[in-house]
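Working notes for the structure below.
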Amino acid sequence: MYTEDDLRTAVATGAISGEAADALRNSVKASREVPAGDEEHFRLINSFNDIFVTIAAIMVLVAMAGIGQAFTPDINGPPPFAGLLIAGAAWGMAEFFTLKRRMALPSIILLLAFVGGTFAMLLGFVVMAIGGDSFGNGNEVLGGLMIAATGLLTAGAAWLHWRRFMVPITVAAGAAALAVTVIALIITGIGPANLDNPENVLIPLVFIVGLAIFAFAMRWDTSDRERQTRRSDVAFWLHLLAAPMLAHPIFHWIGVTTGENIGVGAAIAVLIVYIAMGLIALAIDRRALLVSALAYVLATLTWLFDRFGAVELNVALTALVIGSALLTLSAFWTPIRNTIVAKLPGDIQARLPVAGKLAAS
């Protein structure tokens, strides 16, 4: 089985011409009756060997964590030597399995291990150097600054990884590290001691940062409207990062996350918001928003069915309604999307991913 990434590599190396690759894409598109872009392809597994290598890599990383933990003194923070060994092992394995073998799933795991190990290493060494007790006793500002600096350096490490290996998820990992930096700096600037309820500041910050990452993802998306390059893969992971950062604050403000009775008004608001998210997802041709908000909708519908007497079947009815709706949406995704996008202004249409009849126009 050949992936879009394989086609791009074949064209880049001169194995086939760009016209031949386009002809193959059009042939597959015609046989499936669904535009390739609408299926939101991203490379994950080519064969069982990807899973085999991933399992082996995780075992090595766990071993590195255990060895590093044994050399780490008892500190009030992440073990720095474990992070160092994990990051080093992840980079070393990526030199072969990512750079030479181009294995997707192992590359994703190794990237996440590298970024996480780097963050743990940097923060752990800071705690060792300063002393874990220095972050308490009203000195939360120092802790906030150290977390912000660690996030910034981790983003820099992610950039170096991107320059070396070009794994699409790396950009999202770097964006997450920068998000930690920005949020930590703002919270530190306000002063944790001045916040009666930090959640009232943290939730809006997460939402604003989520909007920024969403806009960044759309910038990558608009640069590859046909979804034939790595830029589309980068956008996919950025959307996957931004979606929960947008969904959670919205449903938190509605009252779904408080753990109390939702109420009919809040339940209606949840459904309206989910429909609005569905329209946005259709317009930009990304399903991440729908997936991220799914848990909140399931909880709301479960409460509604329970509220109106279907106590024993509330979970089953919720799963049936949502599952049927999502399957129907998936089956008719392209015609529904074409209808929605056709009603948008022309300048917006020109920036959205092409699909179906829009691709031919």
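If you go through the stretch 192-234, how many residues are outside any helix (DSSP H, G or I) and more than 21 Å from A283 (Cα to Cα)?
Here is the first cut: in the stretch 192-234, the ones outside any helix (DSSP H, G or I) are 195-198, 223-229.
Within this subset, residues satisfying the condition of being more than 21 Å from A283 (Cα to Cα) are 195-198.
Residues that pass the stated criteria total 4.
When residues of the stretch 7-42 are filtered for being part of a loop (DSSP other than H, G, I, E, B) and either touching a strand residue (DSSP E or B) at 6+ places or on another chain (Cβ under 7 Å) or at pLDDT below 70 (or both), how many remain? I'd like the intermediate steps shown before the answer.
Residues of the stretch 7-42 part of a loop (DSSP other than H, G, I, E, B): 14-17, 33-35, 40-42.
Next, from what is left, pick out any that are either touching a strand residue (DSSP E or B) at 6+ places or on another chain (Cβ under 7 Å) or at pLDDT below 70 (or both): 33-35, 40-42.
Of the residues in the stretch 7-42, 6 are part of a loop (DSSP other than H, G, I, E, B) and either touching a strand residue (DSSP E or B) at 6+ places or on another chain (Cβ under 7 Å) or at pLDDT below 70 (or both).
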Item to check | Filter result for V297 (crowded, with 20+ Cβ neighbours inside 10 Å, at pLDDT below 85, under 24 Å from the mean Cα position of the chain (by Cα) and more than 30 Å from E226 (Cβ to Cβ)) | outcome: no
Next on the checklist: Every residue in the stretch 78-94 that is within 24 Å of the chain's Cα centre (by Cα) and under 30 Å from A10 (Cβ atoms), please.
Outcome noted: A90, W91, M93, A94
Item to check | Among (1) surrounded by 17 or more Cβ atoms within 10 Å (Cβ to Cβ); (2) free of Cβ contacts under 8 Å to residues at least 60 places away in the same chain; (3) closer than 28 Å to A281 by Cα, the one test that A184 misses | outcome: (3)
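Yes or no, residue by residue, for (1) free of Cβ contacts under 8 Å to residues at least 40 places away in the same chain; (2) buried (at least 23 other Cβ atoms within 10 Å of the Cβ); (3) under 19 Å from I169 (Cβ atoms):
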position: I75; (1), (2), (3): no, no, no
position: L84; (1), (2), (3): yes, no, no
position: A89; (1), (2), (3): yes, no, yes
position: S107; (1), (2), (3): no, yes, yes
position: F125; (1), (2), (3): no, no, no
position: I130; (1), (2), (3): yes, no, no
Next on the checklist: If I ask for residues that are touching a residue at least 40 places away in the same chain (Cβ under 8 Å) and either more than 15 Å from W333 (Cβ to Cβ) or surrounded by fewer than 19 Cβ atoms within 10 Å (Cβ to Cβ) (or both), which ones from the stretch 274-294 would you list?
Outcome noted: L279, A283, V291, S292, A293
Next on the checklist: Being among the basic types (K, R) and touching a Gly at 6+ places or on another chain (Cβ under 7 Å): is that true of R227 here?
Outcome noted: yes
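The values are calculated or read from the model by the stated rules, or taken from the named source; none is laboratory data. All values derive from a computational prediction rather than experimental measurement. Glycine also receives a Cβ, built like all others from the backbone with ideal geometry; neighbour counts cover every protein chain displayed.
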